[in-house]
Amino acid sequence: MRVMALVKRILQQIGRDKRTLGLLVFAPILVLTMLHLVFNGDDYTPKIGLVNAPEQIKDKMDLKGAKVTDLKGEDQAKKLLSSRELDGYLVFDRMPPSVYLEGSDPLVNGSAMKWMQKAFKPLQGPSEMADIEIHYLHGSADMSQFDYFGPVLLGFFVFFFVFIIAGVSFIRERTSGTLERLLSTPLRKWEIVIGYVVGFGVFTLFQATIIAAYSIYVLGMLIEGSFWYVLLIIVLLSLTALTLGILLSSFANNELQMIQFIPIVVVPQIFFSGLFNLETISDWLSWVGPLTPLYYAADALRDVMVRGYGVKEIALDLVAMLGFAVLFMVLNIGALRKYRKI
């Protein structure tokens, strides 16, 4: 009977927590639906350019399975390759033609090369295909998948842990009465928010520096650009995670409820960060990517670490992350109103 009484109390406690009940069902359904839409998307179709391709050769090539663009000059091809409008192009200055690949994504490189082998199969044998000269705009033939996925994972784990630490720490500020005492002082709400952001931000900067340095200089993660640009991106991403964590903690009554936001807010972002090719994701889902901070952070990290770009190329991503952080700070100021009692 005593056991049944304990069981009854636990069931009643969970039953009164509508948020927990909802997440027990809603969160798995959300994640599984996203997985379904990601993995049931279209196969990746490589974008290939043909520079000065003779008509008699084109007529014999198998051009199915790729988005093929005829180009008149190599200058145009280089621009399209640099902007990632092409995955690769062939220059028909001799036979077999020279191959130029964008090179930053090993999976895309593999798709492009596989298509080229199929396209030239009617013209020549496998032995002749082995003689094709391959040039890479970024990366090389030795580039591993970890080099490509590493920047995304670096950004994700920084975002994840900063989000959790900030949210849980702010909940403790509330439950311990510290926040209530601050709100009873002449401090304005925006001053309190700025104070918390700067205070937590100091430790966030320390954490970001250690994680980025360890990933690059100990684990040997590929970096073609400046380490300082990587650190700038990580700091802005951490600021975004920090302000979002503090904001969502306003809607949680304890640490458990804060953890419950992870499958709703954090996990879905991994699908739009570039860990999966966004061109293969279902159209029902792909529009969500630009609404998530990690989408811009992963793009900027890849641009710097894999492609060696500078501030000019990643400026839009930096502005987007800063915009998210400012938005969350403004919402935090509004959320503090519910706690001010005097």
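Estimate the FRET efficiency between residue 43 and residue 217 by the formula 1/(1 + (r/R0)^6), using the beta-carbon distance for r and 56 Å for R0, to the nearest 0.05. Before the final figure, lay out each step's value.
Working: r = 37 Å, r/R0 = 0.67.
Between residue 43 and residue 217 the formula returns 0.90.
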- Computed over the range 133-200, the convex hull of the Cα set has an average projected area, in nm², of 6.8
- Query: Which of the pairs 189/312; 58/312; 114/312; 58/114; 64/312 have their Cα atoms more than 29 Å apart in this structure?
  - Reply: 189/312; 58/312; 114/312; 64/312
- Item | DSSP-defined antiparallel bridges as percent of all bridges, the range 47-121, nearest 5 | 30
- Item | Nonlocal amide H pairs with residue 88, under 5 Å, H built at 1.01 Å | 47, 49, 102
- Query: Any idea what the relative contact order of the range 47-121 is, in percent, if you count C-alpha pairs under 8 Å spaced at least 6 apart?
  - Reply: 36
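Which peptide among 293-303, 61-71 comes first, and what is the full order, when sorted by highest mean count of other Cβ atoms within 10 Å?
Values: 293-303: 26.5, 61-71: 15.2.
Packing proxy ranking, top to bottom: 293-303, 61-71.
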- Whole-number accessible area per residue in Å² for the range 212-306, which is evaluated in the context of all protein chains at 1.4 Å: 38
- Query: Rounded, prolate or oblate: which one fits the range 47-121, using the alpha carbon gyration tensor with axes a ≥ b ≥ c (rounded when a/c is under 1.5, else prolate when a/b beats b/c, else oblate)?
  - Reply: oblate
- Query: Sorted by mean Cβ packing within 10 Å, highest first, what order do the peptides 155-165, 94-104 take?
  - Reply: 155-165, 94-104
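Write down the accessible area per residue of the range 47-121 in Å², having rolled a 1.4 Å probe over the full set of protein chains. Show your work: numbers first, answer last.
Numbers: 3710 Å² over 75 residues.
Per residue, the range 47-121 has 49 Å² of solvent-accessible surface.
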- Query: Roughly to the nearest percent, how much of the accessible area of the range 47-121 is carbon and sulfur, given a 1.4 Å probe?
  - Reply: 50
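Take the solvent-accessible surface of the protein heavy atoms, probe 1.4 Å, and return the percent of it on the range 175-300 that carbon and sulfur atoms account for.
On the way: 4060 of 5850 Å².
Carbon-and-sulfur percentage of accessible area, whole number: 69.
The values are calculated or read from the model by the stated rules, or taken from the named source; none is laboratory data. For clarity, every value in this text was computed on a predicted model and none was experimentally measured. Virtual Cβ from ideal backbone geometry, glycine too; neighbours counted across all protein chains shown. Keep in mind that these areas ignore ligands, DNA and RNA; they rest on the heavy atoms of the full protein, side chains included. Shrake-Rupley method; radii C 1.70, N 1.55, O 1.52, S 1.80 Å.
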